[in-house]
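A.B. asks: Mind looking over this structure? Questions follow.
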Amino acid sequence: MSLLFLSLPLATAAPLSPSFQTLQAARVIDPRDGSLTSPLSSRGRKALVVLLPQLGEFDSAEMCEQLVAVRPDLQEASIDLCVVGIGDAAGAGRFSEFTGLPLDVLRVDPDAAIHEALGLHAGPEWSVPDAVPDSVLTALLGTLPGGVPADDAQLRPAFTAWLRYLAMCAGIGAPGTLPEILRGYLGDRSAPERLFFFSGPS
């Protein structure tokens, strides 16, 4: 599930919430050059910050397809967009090509530090046993969206992230997940729209 924040310029914002302060202090990786940067606008403008689970996960792709479609409206409203996903720079490049989301608005957080700081569900505290060889993890990751990380040091963290994510999809360590998955498949006509976009006065 994605998490969205709309931040206001500091000059006009209400007293800062703990979540906003967490975002303000966070640093994520710009996949274009590997530099560390803030997920918030550097231009003092409003910013829509979207936190995704793993890049390549289907909900992430669907969310970004919607964001690509409304990005002109966001730009017209002077709202900067920043999408942060769990992954590495190589995965961000493939994700950008697949979804059409430009790399200039995409950032990565390999260790899910923002997600953890905001108290988002991380799934069960499972990890890959040391006895499992890297060759097995490489083969398994090769079958998943995003593939094998370019950085060997990220092999086990990437596999652990997928392991926890798949467990969350089964409802393990993520309260409320299964009812939401069922609602997604079966539909819910009484559910309100989750996103509202306004193009401003005509």
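A.B. asks: About the Cα centre of segment 14-146, how large is the charge dipole given +1 on each Lys and Arg Cβ and -1 on each Asp and Glu Cβ? Please answer in debye to the nearest 20.
C.D. replies: In total the dipole reaches around 500 debye.
A.B. asks: Now for a separate question. State, in angstrom, two size descriptors of segment 82-162 derived from its alpha carbons: Rg to one decimal place and Dmax to the nearest whole number.
C.D. replies: Final numbers for Rg and Dmax: 13.3, 40 Å.
A.B. asks: Students sometimes get this wrong: rank 97, 62, 76, 57 by accessible area, probe 1.4 Å, all chains present, largest first.
C.D. replies: Largest accessible area first, the residues go 97, 76, 62, 57.
A.B. asks: Please give the Cα centre distance for segment 47-123 versus segment 128-156, rounded to the nearest Å.
C.D. replies: When both Cα centres are located, 22 Å separates them.
A.B. asks: Shifting gears a bit: Which of the GluC sites (Glu not before Pro) across segment 116-191 are loop residues per DSSP, with 16 or fewer other Cβ within 10 Å?
C.D. replies: 125
A.B. asks: Mind giving me the nanometre distance, one decimal, between the label points for residue 153 and residue 75, set 7 Å out from Cα along Cα→Cβ?
C.D. replies: 3.6
A.B. asks: Heavy atoms only, probe 1.4 angstrom, no DNA, RNA or ligands counted: give me 68, 84 ranked by accessible area, highest first.
C.D. replies: 68, 84
A.B. asks: Another question, if that's okay. Over the heavy atoms of residue 144, what accessible area does a 1.4 Å probe trace out, to the nearest 10 Å²?
C.D. replies: Counting only protein heavy atoms, the figure is 50 Å².
A.B. asks: What order do 114, 79 take when sorted by accessible area (1.4 Å probe), most exposed first?
C.D. replies: Final ranking, largest accessible area leading: 79, 114.
A.B. asks: Got a sec? Charge dipole of segment 46-202, +1 on Cβ for Lys and Arg, -1 for Asp and Glu; which of 190, 123, 74 is way out at the positive end?
C.D. replies: 190
The values are calculated or read from the model by the stated rules, or taken from the named source; none is laboratory data. Quick caveat: nothing in here was measured; it's all calculated off a predicted structure. Note: ideal-geometry Cβ built from the backbone for every residue, glycine included; neighbour counts use all protein chains shown. Surface areas here come from the heavy atoms of the whole protein model, side chains and all, with no ligands, DNA or RNA. Shrake-Rupley method; radii C 1.70, N 1.55, O 1.52, S 1.80 Å.
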